[in-house]
Amino acid sequence: MTRLLLLALLGTCSSAHAVVIRDDVDDATYRIEASAFPALADMPGEGHGVLIAPQWIVTAAHTVTWQSEVKQVTLAGSPREVERVVLHPGYSKPPQQLTDRAMATWDWTLFVARISSTDDIALVKLAQPVTDVVPATLHGGDDVFGQTVRIIGKGATGTGTKGFGLDSPHCTELRHAYNTVTSAHDRWFCYVFDAPPEGLPLEGASGSGDSGGPVLVQVGGEWRLAGLTAWTAAQGSDRTRFGRYGQISCNVRLSHYKAWIESVIPVQP
């Protein structure tokens, strides 16, 4: 139960559907083919990453630290051997005592304060450069506030009226959705899952299993990588359902980590 709840809060594939959607829009409208975003990587077990250089994938740190070792990821349907994982030095897991206390009281204030103060980002170096997938382009600007973002993932799904349960499959069919950034500062930018008639035509939010997946902004005709799905704020008193209207989802703001990424990934000649 503890691990399931943590993964639900941290947005962290089993099989069925992904990304939480509007209840008044056909689910098929949200589904996309893998070719729509080939740079999406599947981490072992759960979660995603994004290819940003021929030999490098960026992901949320908590998608790789819940397991003892990451030996392989899947990209464009093919397994890719991992050489090493580089965690941001500012990342740390929430203490178990803090988690247990939040679960006992359902007061997540201190837990959210803790995870929001850590640097939830990691880089995964592949053993061999990828030649069959074009890396995603990083969005270099800080101007995400108020922008429409595109969310992609295979995690748990449901509708805004019912959400999804803790026991819902965390690896499902690939979906995308859109939302509007309502806050952005330092490490994070966040959005709210609005109920109809508010919200975008394909309004949606992240679900468990989407962690580390891409959050994109459109620049010209190109969707660029601005963030990574990270965590959601626990809402209401129901301890079994997540992903309903009103959920706040927060994402790693990659422009904040530009210098660190460049310090790890060698500049290509």
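The values are calculated or read from the model by the stated rules, or taken from the named source; none is laboratory data. Not measured: the values here are computed from a predicted model. No Cβ is skipped: glycine too gets one built from the backbone with ideal geometry, and neighbour counts run over all protein chains shown.
Scan the stretch 155-168 and tell me whether some residue there is at pLDDT 90 or above, hydrophobic (A, V, I, L, M, F, W, C) and not in a loop (DSSP other than H, G, I, E, B). Walk me through it before giving the result.
As a first pass, look at the stretch 155-168 and keep what is at pLDDT 90 or above: none.
No, the stretch 155-168 contains no residue that is at pLDDT 90 or above, hydrophobic (A, V, I, L, M, F, W, C) and not in a loop (DSSP other than H, G, I, E, B).
Scan the stretch 101-131 residue by residue and report those that are under 27 Å from residue 177 (Cβ atoms), in a loop (DSSP other than H, G, I, E, B) and either aromatic (Phe, Trp, Tyr) or out of contact with any helix residue (DSSP H, G or I) (no Cβ under 8 Å at 6 or more places or on another chain) (or both). Walk me through how you get there before you give the answer.
Narrowing the stretch 101-131 to residues under 27 Å from residue 177 (Cβ atoms): 108, 111-112, 115-116, 118-124, 130.
Cutting the leftovers down to in a loop (DSSP other than H, G, I, E, B) gives us 108, 118-121, 130.
Across the stretch 101-131, the qualifying residues are 108, 118, 130.
In this structure, does residue 98 turn out to be surrounded by fewer than 18 Cβ atoms within 10 Å (Cβ to Cβ) and in contact with a Ser or Thr (Cβ under 8 Å, 6 or more places away or on another chain)?
Values: surrounded by fewer than 18 Cβ atoms within 10 Å (Cβ to Cβ): yes; in contact with a Ser or Thr (Cβ under 8 Å, 6 or more places away or on another chain): no.
Criteria not met by residue 98.
Okay, residues lined up against (1) touching a helix residue (DSSP H, G or I) at 6+ places or on another chain (Cβ under 7 Å); (2) modelled with pLDDT of 95 or more; (3) on the phi > 0 side of the Ramachandran plot:
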site	(1), (2), (3)
236	no, no, yes
241	no, no, no
251	no, yes, no
258	no, yes, no
269	no, no, no
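Report whether or not residue 152 is outside any loop (DSSP other than H, G, I, E, B), at pLDDT below 95 and touching a Leu at 6+ places or on another chain (Cβ under 9 Å).
Numbers: outside any loop (DSSP other than H, G, I, E, B): yes; at pLDDT below 95: no; touching a Leu at 6+ places or on another chain (Cβ under 9 Å): yes.
The answer is no for residue 152.
Which of (1) within 16 Å of residue 254 (Cα to Cα); (2) modelled with pLDDT under 95 does residue 147 not meet, given it meets every other one?
Residue 147 satisfies every listed condition except (2).
Looking at the stretch 69-87, I want the residues that are closer than 24 Å to residue 257 by Cα and have a partner that is polar (S, T, N, Q) and at pLDDT below 95 with Cβ atoms under 8 Å, at least 6 apart or on another chain. Which pairs are those?
87/65
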